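Here the structure is laid out as structure tokens; the discussion comes afterwards.
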Amino acid sequence: MVEHAAHNRGVGGSIPPTATTDPIVRAIAVSGLIPARARVLVALSGGPDSTALLIALQALGCPLVAAHFDHSLRPESPAEAIWVRDLCQRLHIPLICGVRTEPLGEGSVQAGARSARYAFLAWARGESQSDVVALAHTADDVVEGVGLHLS
């Protein structure tokens, strides 16, 4: 799985810049993180950061598949999965969904959830025959950001 942290800046690839004036879409286009014509699996939680990433990559014309993982940690997670499904249907983007059924691994809840999510994304990448996995991160994602910079 290819991952890059992009704290408060666009994430994306060597797709030629488009005529768009949207600064996020332009940043993705020129960043060099996603190779031209790569099939992209977007980790889609349904939050604003991953939703914006999905929409921006679609605006660039990237071949996309979305992947949503329900950690089964909060009562509202089934409703979020339905929202993600409906969004992908409206955008005509294929969606792969997963639900955690095994106990979380050792360590903190966040570490166990991250490990389960990354295992699901690795599986979904293979299932979708995607070239890269795109994860949206913000400056608040300190733990994941540190981990990504260490790898």
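The values are calculated or read from the model by the stated rules, or taken from the named source; none is laboratory data. The structure presented is a predicted model; accordingly, all values stated were derived computationally and were not measured. Neighbour counts are summed over all protein chains in view; Cβ atoms, including those assigned to glycine, are modelled from backbone coordinates with ideal geometry. The accessibility values were calculated without ligands, DNA or RNA, using every heavy atom of the protein model including side chains. Shrake-Rupley method; radii C 1.70, N 1.55, O 1.52, S 1.80 Å.
Here are some notes:
- Whole-number accessible area per residue in Å² for region 27-86, which is evaluated in the context of all protein chains at 1.4 Å: 43 Å²
- Candidate residues Trp123, Trp83: accessible-area rank, largest first, probe 1.4 Å: Trp123, Trp83
- Relative packing of peptides 43-52, 72-81 - highest average C-beta neighbours within 10 Å first: 43-52, 72-81
- Modelled FRET efficiency - R0 22 Å, Val99 with Ala59, Cβ distances, 0.05 increments: 0.15
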